[in-house]
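Read-outs: derived from the displayed coordinates by stated rules, not from any lab. All values reported here derive from a predicted model rather than from experimental measurement. Reconstructed Cβ throughout: ideal geometry from the backbone, glycine too, with neighbour counts over all protein chains shown.
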Amino acid sequence: MLLASAKRYSTGMTTDLEIRRKQALFRAQRRGFRELDILFHAFTDKYLHLLDGGQLDRLEVLLAVPDWQLYGWIMGKEAVPKPYDNDISALPCDYRVQRAAPPASS
């Protein structure tokens, strides 16, 4: 009975990870660069809930990059520099490529 009671009250608590995800979502979707806003909106809808603390750290670093530079990396116009080249920077690039690919014929 105690376990069920504790579980009921713990569901209303917001964890540090959830707060960080909400902050990242806000920053990702309101960059002020329309193309990135659209891309990151779709990207965060698909991946944000899956990211752990370390991945959120890398996403926060990525979100600090100037819009024009980040856009160049995602669109494949510039190579992603080594300090930013990781699993998280690859996700929006891969997502863009997947969205641009023609649908497979059946």
| query | Across region 54-70, in residue order, what do the Karplus-derived ³J(HN,Hα) couplings come to in whole Hz, using 6.51 cos²θ - 1.76 cosθ + 1.60 with θ = phi - 60° and x for Gly and Pro? | reply | x, 5, 5, 4, 5, 5, 4, 5, 4, 5, 7, 6, x, 3, 4, 6, 4
| field | Neighbour-count ranking [beta-carbon atoms within 10 angstrom, fewest first] of V80, V61 | value | V61, V80
| said: Quick check: residue separation of Q23 and D45 times 0.36 nm, minus the Cα distance between them. What number comes out in nm? | reply: 6.5 nm
| Which aspartates and glutamates have a Cα lying under 12 Å from the Cα of K22, excluding residues fewer than 8 positions away in the same chain? | D45, E60
